[in-house]
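The values are calculated or read from the model by the stated rules, or taken from the named source; none is laboratory data. Just so you know, these numbers come straight off a predicted model, no measurement behind them. Cβ placement follows ideal geometry from the backbone for every residue including glycine, while neighbour counts extend to all protein chains displayed.
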Amino acid sequence: MRKLTFKTSILSLAALCGLTLTLGSCANEDIAQNGNGTDNDKNLTIFSTGEEPATRTSMESNGTFYWEAGDKIWVKDDNGTWRQSSNSPLGKTASFKFKVPGKFTKGNTYKVYYPGRNGNQNRVTIAANQTQTEPNSTAHFGTSGDCGTADAAWSNSKNGFAFTLDHQAAYLIFQPYTSNTVLHNCYLTKIEVTSDDDISSNTYTLNPSTGTLTGTGNGKQIVLTTKGNYGSTYQNGFPLTNTSASLTTNGAYMVIKPGTHTLRIRYWVKDVATTVEGTITKVLSSHNFAKNEYVNMEAALDVKNYDGDHYYMWDAQDQYWKGHEWNHGGSQPTLYYYLPGGTTSSDYAKSSSDSRYCNTSYPGYGISNPAIHSCKDLPNVNEMTWYAAKGDPRWDADELWTTMGHLYKGGMWFKKKSQISGYNPNTAYDGTDWRTVFKQHDWTPSSTLPSAADAGNYFYLPALGYYDTGYLNHVGGAGYYWSSSAEPWHSDAAYNLHFGNNTVTVSNYLYRYAGYRVGGFE
């Protein structure tokens, strides 16, 4: 994340002071025309932006600004009446002469306001929904919330009152890239930025004294859509074919309110061929995003890959598909059986003589029976109930990940045990010891993601499904994770935590010979 500041040019008054002495009484002359001699414009005064880069309102990657079609300015005249320019540029331009109605005096200095195209007078709207239709373009700045103020002083009859705009928004420049060949076939469709405090609103005010945006909004999220119109080159989004930062490939720009923010950035990526669309998340540490500067957000995009080697029957010595792994030419199924291309295999363990078979020990009714092999270091059933009941589970339907060569999304966020009040391995959330009694319970998760500021207190479990008699089930739709506790009422069952989009359950669902995931808890 690199920060650069726009170098604004301050209008020199030295020459103007000398001119004032020369003009004498003419210096205070009231004017109501722009000096071009046309009847249509005789009641209009020119406010000219000159030639300095900082006077413009769309931006190049090096900080150079331009005015865009539809841009207008506001000025209070000598009567204190708000006046909006009667004209605006017809297209991108380095400088412009705005024509403003009202009474203005040559010897006075006037505050110029640019509130953006969705603002009014000195009131600014930083849009919660912004759209960029092609890479490396900031033509959307005017409608997104770019804004600024300036002091305008008399220059000459040709240029009228000259001003240099001081921008009062902050700007993010996104430059995603990836070395993941799976993502090279995907498109960037939008960028979602969520903050711990407000970054967008329609309640901000341009403060002429401090040169800042004042007021507090309630918009903590901005979504920048990165797609062109139907039939255009970028109708599917911006490409992700670059292995290093490239503004021309997919450079994207966002306007935000200045301030110290903790941001979570979700890059939305879509595989057009499979229609799978999801997110790749980056959480940034707190940073002061100052006015009139841009922060360069270069981001290496990748998705978390989960191997196929951590499915086990309960407490087996070896993993479910040892000797038959998919990435070694084996028969391990890698797709949900009911999907096109889904397969099954009989190469799974069928008896206790196989080291991949489940632990079959059963010391008796109501006796705690902990794991001794692959599941011995997992949370026990009591701990699983704390994650489910007090770990604030939150379903994430969009975070992308891969397993066994395929792209998926879906999983659950849980609080880390260090963040769970009362967490106790010796008793469950209800005060009893589930290791010696049979109980089960369901909880309803939230569908709201952890806040950007709180994200570090959670960990993520993907919905990796499970194997049963050689079939891969519910991958991408549900997660199944073993505990270290056998279930004390039934000799062929063990406790586990499983979840989907609307439920989290701790129970003895299925038998010990199911192939659930081992590990992942924090």
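With over 26 Å from E277 (Cβ atoms), crowded, with 18+ Cβ neighbours inside 10 Å and modelled with pLDDT of 95 or more as the only criterion, which of A478, A463, A514 stands out? Of A478, A463, A514, the one residue that is over 26 Å from E277 (Cβ atoms), crowded, with 18+ Cβ neighbours inside 10 Å and modelled with pLDDT of 95 or more is A514.
Of all residues in region 118-151, which are under 23 Å from G251 (Cα atoms) and of a type in the set (D, E, K, R)? Correct list: E134, D146.
Table: residues versus (1) at pLDDT below 95; (2) out of contact with any Ser or Thr (no Cβ under 7 Å at 6 or more places or on another chain); (3) among the β-branched types (V, I, T).
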{"residue": "S88", "(1), (2), (3)": "yes, yes, no"}
{"residue": "N108", "(1), (2), (3)": "no, yes, no"}
{"residue": "Y113", "(1), (2), (3)": "no, no, no"}
{"residue": "R117", "(1), (2), (3)": "yes, no, no"}
{"residue": "Q121", "(1), (2), (3)": "no, yes, no"}
{"residue": "A139", "(1), (2), (3)": "yes, no, no"}
{"residue": "T143", "(1), (2), (3)": "yes, yes, yes"}
{"residue": "D146", "(1), (2), (3)": "yes, no, no"}
{"residue": "N156", "(1), (2), (3)": "yes, yes, no"}
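Out of all the residues in region 186-204, is one or more surrounded by fewer than 22 Cβ atoms within 10 Å (Cβ to Cβ) and among the basic types (K, R)? No. Scanning region 293-334 for residues that are within 33 Å of the chain's Cα centre (by Cα), outside any strand (DSSP E or B) and over 29 Å from N242 (Cα atoms) turns up D309, H310. Is it the case that some residue within region 379-394 is of a type outside the set (D, E), over 33 Å from the mean Cα position of the chain (by Cα) and surrounded by fewer than 18 Cβ atoms within 10 Å (Cβ to Cβ)? Looking through region 379-394, none of the residues is of a type outside the set (D, E), over 33 Å from the mean Cα position of the chain (by Cα) and surrounded by fewer than 18 Cβ atoms within 10 Å (Cβ to Cβ). For first residues located in region 295-314 and free of Cβ contacts under 8 Å to residues at least 60 places away in the same chain and farther than 19 Å from L510 by Cβ, partners that are aromatic (F, W, Y) and buried (at least 18 other Cβ atoms within 10 Å of the Cβ) and lie 6+ apart or on another chain with Cβ distances below 8 Å form the pairs D309/W321. Of all residues in region 261-314, those that are hydroxyl-bearing (S, T, Y) and within 30 Å of T360 (Cβ to Cβ) total 3.
Could you please let me know if H167 is more than 18 Å from Y113 (Cβ to Cβ), in contact (Cβ under 8 Å) with a residue 12 or more places away in the chain and not charged (D, E, K, R)? So H167 does not fit the description; no. Out of curiosity, is Y338 touching a strand residue (DSSP E or B) at 6+ places or on another chain (Cβ under 7 Å) and either of a type outside the set (D, E, K, R) or within 30 Å of P115 (Cβ to Cβ) (or both)? Answer is no for this residue. The set of residues from region 104-161 being of a type outside the set (V, I, T), farther than 27 Å from L188 by Cβ, crowded, with 18+ Cβ neighbours inside 10 Å and within 30 Å of the chain's Cα centre (by Cα) comprises Y114, P115, G119, N122, R123, G148. Can you tell me how many residues in region 399-416 are surrounded by fewer than 18 Cβ atoms within 10 Å (Cβ to Cβ) and either modelled with pLDDT of 95 or more or basic (K, R) (or both)? Residues flagged as surrounded by fewer than 18 Cβ atoms within 10 Å (Cβ to Cβ) and either modelled with pLDDT of 95 or more or basic (K, R) (or both) within region 399-416 amount to 1. Checking each residue of region 390-409 against the condition of being in the same structural domain as Y495 (by TED's automatic domain parsing) and part of a helix (DSSP H, G or I) gives at least one match.
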